[in-house]
1. For the chain, what relative contact order do you get, as a whole percent, if you take Cα pairs closer than 8 Å and at least 6 residues apart?
2. From the phi of every residue in region 7-17, what ³J(HN,Hα) in whole Hz does the Karplus formula 6.51 cos²θ - 1.76 cosθ + 1.60 yield, where θ is phi - 60° and glycine or proline is x?
3. Cβ neighbours within 10 Å, averaged per peptide: list 110-117, 99-106 in order, most packed at the top.
4. Full extension from Thr61 to Asn134: what is 0.36 nm times the residue separation minus their Cα-Cα distance, to one decimal in nm?
5. Which of Ser73, Gly52, His107 sits farthest toward the positive end of the charge dipole of region 4-128, with +1 on the Cβ of Lys and Arg and -1 on the Cβ of Asp and Glu?
6. Would you calculate, for the chain, the mean residue ellipticity at 222 nm contributed by helices, counting each DSSP H stretch of 4 or more residues as -39,500 (n - 2.57) and dividing by all residues, to the nearest 500?
7. What do you get when you divide the Cα radius of gyration of region 4-128 by 2.2 N^0.38 Å, with N the number of residues?
8. What is the extension gain from Ile95 to Ile12, computed as 0.36 nm multiplied by their sequence separation minus the C-alpha to C-alpha distance, in nm to one decimal?
Amino acid sequence: MKINDNLTKDAIYGAQIVQTNNGVEYRNAYLPSGYAIATWGNGQKRNHKQNGLPLLFPGNTYQITLEANFEPSESILLKIILYHGVEQREIIISIKESTVTFPVDYHFDSVQFELVNVSNEFLMFKDIIIQEINEEIV
């Protein structure tokens, strides 16, 4: 998933954003902790944009890899919001690479991923890769 069209309005205000051959370089001293830098998924459906997410299913396990460099080292979180009608559940992970199993008992109809600022000073973003992990039956 790329970041260019997915930066939030809050993240853009006061930011220094540079497109490079290695990805997108992002700095924003004005963005408070807890605010999303970029989002993919549910919220963009209303804007008629493709969300870039693969199909995700309850009970399945996915490997999520963030191809990025950031300072300080724990200054970015990934928030996954699962929507079912008006209900929602959140999964928050500190990532460079993580495995997530979506709840089997919660049949969500849409998903939103948010890259969340936690006192980030610098971000060089290349991609987020989501791959389903197939568990072999022995």
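None of the figures in this text is laboratory data; all of them are computed from the coordinates on show. Computed from a predicted model, the values in this text were never measured in an experiment. We place every Cβ from the backbone using ideal geometry, glycine too, and count neighbours over all the protein chains shown.
1. Worked out over the chain, it gives 35 percent.
2. 5, 7, 4, 4, 5, 6, 4, x, 8, 9, 10
3. Highest mean packing first, the order is 110-117, 99-106.
4. Residue separation times 0.36 nm, minus the Cα-Cα distance, leaves 25.5 nm.
5. Gly52
6. Value at 222 nm, helices only, nearest 500: -1000 deg cm²/dmol.
7. Cα Rg divided by the expected 2.2 N^0.38 Å: 1.06.
8. Net length gain for the segment: 27.6 nm.
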